[in-house]
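Below is one structure; the comments refer to it alone.
The values are calculated or read from the model by the stated rules, or taken from the named source; none is laboratory data. The structure presented is a predicted model; accordingly, all values stated were derived computationally and were not measured. Note that each Cβ is placed from the backbone with ideal geometry, even for glycine, and that neighbours are counted across all protein chains shown.
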Amino acid sequence: MKRTGMISAAWLMLAVAALAQMEMPKPGPEHKKLDMLAGSWTLEGDVKPNPMGPGGKMSEIEKCEWMDGNFFLVCHVDFKTASSGSGSGLSVIGYSNADKAYTYREFNSWGESDDSKGSLDGDTWTWTSDEKMGGNTVKGRFMMKFTSPTSYIFTYETSPDGTKWTPLVDGKATKEK
């Protein structure tokens, strides 16, 4: 019994020593591009009338900070809409080396969740997803065009098949300095 314990302890010490010598992974250049999304943002927009409601003004206060390791941004948001009320949310933004795409996962106080894939082309981020709306699955597309390091304009659109898009929300975001 003592011998088994000693052998197990020796293996454990070897494993710890091997892990101590391994270099920790470092974020790549794709992760660094997410830095433009970090910080505190104020969003103001207009929701278009749609099958889910009459539309109206919307606003968000969003704060995104790097998680330890700088692989993921963690964002907390408080939002208000004229037609649907207010709520809060949590999102995690990162990059998937396996998928060669940015990732966005969101959960909110209305019981909704979203899982999107993203890409960056110049000054424009495009996030796409499949979403449930009124019992149907539709394509969603959220586009953010940076007009300066501290502001961007945004549009959220839906499509039944990913070909013809209908704008649902548009607006502007400003980063606190």
Every residue from region 70-85 that is modelled with pLDDT under 95 and either of a type outside the set (A, V, I, L, M, F, W, C) or in a strand (DSSP E or B) (or both): Thr81, Ser83, Ser84, Gly85
Boolean, Gly94 is in contact with a helix residue (DSSP H, G or I) (Cβ under 8 Å, 6 or more places away or on another chain), assigned to a strand (DSSP E or B) and modelled with pLDDT of 95 or more: yes
Residues of region 36-72 that turn out to be within 26 Å of Asn136 (Cβ to Cβ) and among the acidic types (Asp, Glu), as a count: 2
Filter pass, Leu34 being in a strand (DSSP E or B) and buried (at least 16 other Cβ atoms within 10 Å of the Cβ): no
Hits in region 61-74 (condition: under 22 Å from Tyr152 (Cβ atoms) and out of contact with any Gly (no Cβ under 8 Å at 6 or more places or on another chain)): Ile61, Glu62, Glu65, Trp66, Asn70, Val74
Enumeration of residues in region 94-126 that are over 17 Å from Glu60 (Cα atoms), surrounded by 14 or more Cβ atoms within 10 Å (Cβ to Cβ) and of a type in the set (A, V, I, L, M, F, W, C): Ala101, Leu120, Trp125
Considering residues of region 68-90 that are among the aromatic types (Phe, Trp, Tyr) and under 20 Å from Asp35 (Cβ atoms) only, the residue surrounded by the fewest Cβ atoms within 10 Å (Cβ to Cβ): Phe71
Residue list for region 159-174, restricted to those being of a type in the set (Ser, Thr, Tyr) and either within 17 Å of Asn50 (Cα to Cα) or over 18 Å from the mean Cα position of the chain (by Cα) (or both): Ser159, Thr163, Thr166
Condition check for Ser113: free of Cβ contacts under 8 Å to residues at least 24 places away in the same chain and farther than 26 Å from Ser84 by Cα: no
Residue match in region 50-67 (condition: crowded, with 16+ Cβ neighbours inside 10 Å, within 21 Å of Lys145 (Cβ to Cβ), touching a residue at least 12 places away in the same chain (Cβ under 8 Å) and more than 17 Å from the chain's Cα centre (by Cα)): yes
Test: Thr155 is modelled with pLDDT of 95 or more and closer than 27 Å to Pro54 by Cβ: yes
Unmet criterion (only one of (1) in a strand (DSSP E or B); (2) more than 24 Å from Lys172 (Cβ to Cβ)) for Lys57: (2)
